[in-house]
C-alpha cells in the first residue's frame with residue numbers, strides 16, 4: 001500500500017494537500033491539474049500488478065501499420081475527478097493498450113473522422129442506448145465498459161455489483177446491524193431494466209433486506225437521474241438526517257465510494273461518530289478510499305482488470321469478429337475502520 005507521503009512525492013505537492021484532496025475537502029482551493037496529478041499518482045502507486053509486468057515485459061515489436069483504438073469517455077476530464085472510478089478504468093485501458101503496442105486516441109464527443117481512423121472503439125461509462133447505437137453504426141469493432149443494455153454486435157465489460165452489494169450487506173449483518181440504510185442515486189436514463197430501480201446495487205439491497213424482514217422504506221434514500229459524486233452524497237445524507245431525526249440507522253450502505261465520502265463528511269459535520277454511532281460502507285474501493293478519515297470499508301471492483309479485459313475483447317474482435325460477449329468481474333470485501341458493531345440503544 002502506497003502512503004500519503006509516497007503520493008505527495010510522486011505528485012510533487014505537500015502531504016497536507018494530498019490528504020485534503022483525497023478526502024475531497026471542500027475548503028481546499030487547488031487547480032484541476034493538481035487534483036489530477038494527485039489522483040493519478042494514487043492510482044499508479046496502487047497499480048501493483050503493472051509494477052511486476054513492466055519489469056518482465058518484453059518490448060513489443062512495432063509493425064509498419066500499428067493497431068490503434070479510440071477511447072470515448074462518458075465523463076469529461078474535470079468530471080472524471082468527481083468520481084475516480086472511471087479514471088481508474090481508463091488508466092487500466094491505457095496500460096493494457098501500451099502492453100500490446102496499440103496507439104490510443106482519446107475523444108469526449110462522437111467524432112466520425114476519428115472513429116473511422118482507428119481499428120476499434122472503446123467506450124467507458126454509462127452511455128445511453130442512442131449513443132451506443134451511434135458508436136456501433138460508426139464502427140463494427142466496439143466494446144463498452146459499464147453498460148447494461150442488451151448487446152447488439154458489440155462487447156461489454158461490467159462489475160458484478162449484485163455480488164458487491166451482497167458482500168457489503170453480509171458484512172454489516174455479520175456485525176449485528178439490522179437498521180441499515182441505503183443512500184444512492186442512479187442515472188436511470190443511462191440504464192436498462194423494467195424494475196422501479198435499474199441499478200443492481202439498489203435492487204440487491206432491497207431484495208436482501210426484504211428477505212431478512214429488515215427493509216424499511218424510510219431508510220432507503222434514492223435520487224433519480226443524479227450523479228454519484230461526493231456533493232450529491234453530502235446533500236442526500238443531509239436530507240436523510242432531517243427525515244430521520246432521532247431514528248438514526250446504525251449503518252449506511254452508500255451506492256459507491258464517492259457517495260460514502262459525502263456521507264462521512266455530513267455525519268462528521270453533525271458530530272456523529274463513525275463507526276461508533278453509524279457505520280459507513282462503500283462500494284468500488286477506489287484507490288483513495290484507504291486514505292479517507294476514517295479509512296473506508298468497501299467492496300473492491302477490479303477497475304484496472306475491467307480496462308484490461310475490455311482491451312483484450314476489442315483486440316479479439318479486431319482480429320476476427322465473434323459473437324458478442326459480456327464479461328462480469330467478481331468483487332472482494334475490504335474491511336477498514338469505517339464499520340463496526342452497532343451502537344447500543
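If the Kirkwood radius is taken over C-alpha pairs of the chain, then at 37 °C and 0.692 mPa s the Stokes-Einstein diffusion coefficient equals 156 µm²/s. To the nearest ten degrees, helix 200-211 and the longest principal axis of the Cα atoms of the chain are 40 degrees apart. Extension gain, residue 100 to residue 3: 0.36 nm times the residue separation minus the Cα-Cα distance gives 31.9 nm. Look at the alpha carbon pairs under 8 Å that are at least 6 residues apart: their mean separation over the length of region 152-219 gives a relative contact order of 40 percent. Derived value for region 161-301: Kirkwood hydrodynamic radius 14.8 Å. Basis is the mean of 1/r over every pair of different alpha-carbon atoms. Once the Cβ-Cβ distance between residue 160 and residue 16 is put in as r, and R0 is 56 Å, what FRET efficiency do you end up with, to the nearest 0.05? The pair residue 160/residue 16 has a calculated efficiency of 0.90.
With contacts taken as Cα pairs under 8 Å and at least 6 residues apart, region 110-161 reaches a relative contact order of 32 percent. The modelled label-to-label distance for the pair residue 333/residue 223, using points 7 Å beyond Cα in the direction of Cβ, is 3.0 nm. Taking every alpha-carbon pair under 8 Å whose residues sit at least 6 apart, the chain reaches a relative contact order of 20 percent.
In the chain, the DSSP-assigned H stretches of four residues or longer account for a calculated mean residue ellipticity at 222 nm of -12500 deg cm²/dmol, using -39500 (n - 2.57) per stretch and the full residue count as denominator. Our estimate of slack between residue 239 and residue 212, defined as 0.36 nm per intervening residue step minus the Cα-Cα distance, is 7.1 nm. Between residue 139 and residue 247, the distance separating the two model label sites (each 7 Å from Cα on the Cα→Cβ line) works out to 5.2 nm. Counting only DSSP beta bridges with both residues in the chain, the antiparallel share comes to about 10 percent. In a fully extended conformation the segment linking residue 110 and residue 319 would gain 72.9 nm over its present Cα-Cα distance, using 0.36 nm per residue.
Comparing 277, 285, 224 in a Gaussian network model of the chain (Cα springs below 10 Å), the most mobile by mean-square fluctuation is 224. Axis of helix 85-99 versus longest Cα principal axis of the chain: the two differ by about 30°, to the nearest ten degrees.
Region 270-292 and region 214-254 have Cα centres lying 14 Å from one another.
The numbers here are math on the coordinates, done by the rules we state, and not lab data. Computed from a predicted structure; not experimentally measured. Reconstructed Cβ throughout: ideal geometry from the backbone, glycine too, with neighbour counts over all protein chains shown.
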